[in-house]
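J.: Below is a structure I'd like to ask you about.
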Amino acid sequence: MYYCQNCGKPVDSTANFCPFCGTRIQAASAISYTAASVPTLSTRPIYQVVLIGQGTCTKTLCREVLQDLLGYTVSMAKALVDSAPSAVAQNLTGQQAVYVSQALAEYGMQVAVYDNDSYVDLTRFADHSIYTSDGNFITDALKVLGTLTLTNRISNAARWNRSFLSDMLFRPTYTYAPPKRTAPRRPSVAGPAHHGPAAPGRAPVAARTPVGPKPPVPKPRVPNPRPGDVRPGARPAGPRPGNPRSSSSVLPPKDPRGRTW
């Protein structure tokens, strides 16, 4: 079996053209399938994970997963999703690139892996889900994803300018279902604090206060006034002294002899 020198796809040894990219296949330039030509994961930080599109995942969930996985702020995660296709992680080792791609792809996002030269197919290194039945990372994935740092984040959201084909997408070959999302589960990533389970050696972070409209404050109930009641601070009802129109301020006439009628 041979591999195309242009796209790296397996082709029949008798084919003259690659059925995937159309490149002419020559026996001298074709890559033979030997143990030496099997791709291996590099331990050097040469990989980038590119978000091609949201796929079957909602934009809100895409933003939340990027925040939990890589520690992006709300505004930066929104900018990365809105500018897709865009790189969402960089300077990754081979194992980090596999796990980051799996973490996004299992939610339904369309991602691809790019090294310094071209797109690479790392799906052969993903043979099982990295999520447990309750939606948390398995131990091996948590150890690798916990090594992500600020250097693995993208500083500026920019549209990916390298062409790609649909067969370059990272598509896990194992059977999986979208993970349950009951709570954020971001591993230990250096950067702004986020809510969620505390990493080993770190103090737990308080849960985020929900944002929303404040409930109306009930007004104190004032009973209906009864006849004769006086409200606090109000003057009592009735004539006031010194008012000529008040009956209480008018003195009765006096008798010339000093007697009062």
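The values are calculated or read from the model by the stated rules, or taken from the named source; none is laboratory data. Keep in mind it's a predicted model, so treat the numbers as computed, not measured. Here Cβ is always computed from backbone atoms with ideal geometry, including for glycine, and neighbour counts include all displayed protein chains.
J.: Within the range 56-65, identify whether any single residue is in contact with a helix residue (DSSP H, G or I) (Cβ under 7 Å, 6 or more places away or on another chain), loosely packed, with under 12 Cβ neighbours inside 10 Å and either at pLDDT 80 or above or within 28 Å of Glu106 (Cα to Cα) (or both), and answer yes or no. Step through it out loud before you land on a result.
T.: Taking the range 56-65 and keeping what is in contact with a helix residue (DSSP H, G or I) (Cβ under 7 Å, 6 or more places away or on another chain), we get 59, 62-63, 65.
Still in the list and also loosely packed, with under 12 Cβ neighbours inside 10 Å: none.
Scanning the range 56-65 turns up no residue that is in contact with a helix residue (DSSP H, G or I) (Cβ under 7 Å, 6 or more places away or on another chain), loosely packed, with under 12 Cβ neighbours inside 10 Å and either at pLDDT 80 or above or within 28 Å of Glu106 (Cα to Cα) (or both).
J.: Can you spot a residue in the range 89-103 that is among the aromatic types (Phe, Trp, Tyr) and part of a helix (DSSP H, G or I)?
T.: Here is the first cut: in the range 89-103, the residues among the aromatic types (Phe, Trp, Tyr) are 99.
When the remaining residues are screened for being part of a helix (DSSP H, G or I), the result is 99.
Yes; the residues of the range 89-103 include at least one that is among the aromatic types (Phe, Trp, Tyr) and part of a helix (DSSP H, G or I).
J.: So which pairs qualify, if the first residue must be in the range 148-176 and more than 18 Å from Val98 (Cβ to Cβ), the second must be β-branched (Val, Ile, Thr), the Cβ gap must be under 7 Å, and the two must be at least 6 apart or on different chains?
T.: Listed by first residue and then by second, the contacts come to Ile154/Val88; Trp160/Val50; Phe164/Ile52.
J.: Anything in the range 52-79 that is assigned to a helix (DSSP H, G or I) and among the polar types (S, T, N, Q)? List them, or say none. Lay out the reasoning, then the answer.
T.: Here is the first cut: in the range 52-79, the ones assigned to a helix (DSSP H, G or I) are 59-70, 74-79.
Across the range 52-79, the qualifying residues are Thr60, Gln67, Ser75.
J.: Out of all the residues in the range 18-51, which are in a strand (DSSP E or B) and at pLDDT 80 or above? Spell out the reasoning first.
T.: As a first pass, look at the range 18-51 and keep what is in a strand (DSSP E or B): 24, 31-32, 47-51.
The answer is Tyr47, Gln48, Val49, Val50, Leu51.
J.: I would also like to ask the following. Here are Asp127, Asp115: which of them is at pLDDT below 90, closer than 24 Å to Pro85 by Cβ and among the acidic types (Asp, Glu)? Explain how you work it out, then say what you get.
T.: Working: Asp127 fails: closer than 24 Å to Pro85 by Cβ.
The unique qualifying residue is Asp115.
J.: Return the pairs, sorted by first residue and then second, in which the second residue is buried (at least 21 other Cβ atoms within 10 Å of the Cβ) and polar (S, T, N, Q), the first residue lies in the range 104-128 and is assigned by TED's automatic domain parsing to the domain that holds Cys57, the beta carbons are less than 6 Å apart, and the residues are 6+ apart or on different chains.
T.: Note: pairs meeting the criteria are Val111/Ser101; Val113/Ser101; Tyr114/Gln48; Ala126/Gln102.
J.: Got a number for residues in the range 89-110 being under 18 Å from Ala141 (Cα atoms) and either of a type in the set (A, V, I, L, M) or in contact with a Gly (Cβ under 7 Å, 6 or more places away or on another chain) (or both)?
T.: First, pick out the residues of the range 89-110 that are under 18 Å from Ala141 (Cα atoms): 89-107.
Cutting the leftovers down to either of a type in the set (A, V, I, L, M) or in contact with a Gly (Cβ under 7 Å, 6 or more places away or on another chain) (or both) gives us 89, 92, 97-98, 100, 103-105.
Final tally of qualifying residues: 8.
J.: Could you please find all residues in the range 116-141 being under 23 Å from the mean Cα position of the chain (by Cα), buried (at least 17 other Cβ atoms within 10 Å of the Cβ) and not in a loop (DSSP other than H, G, I, E, B)? Steps first, answer last, please.
T.: The first filter runs over the range 116-141 and keeps only residues under 23 Å from the mean Cα position of the chain (by Cα), leaving 129-141.
Next, from what is left, pick out any that are buried (at least 17 other Cβ atoms within 10 Å of the Cβ): 129-131, 136-137, 141.
Correct list: Tyr131, Phe137, Ala141.
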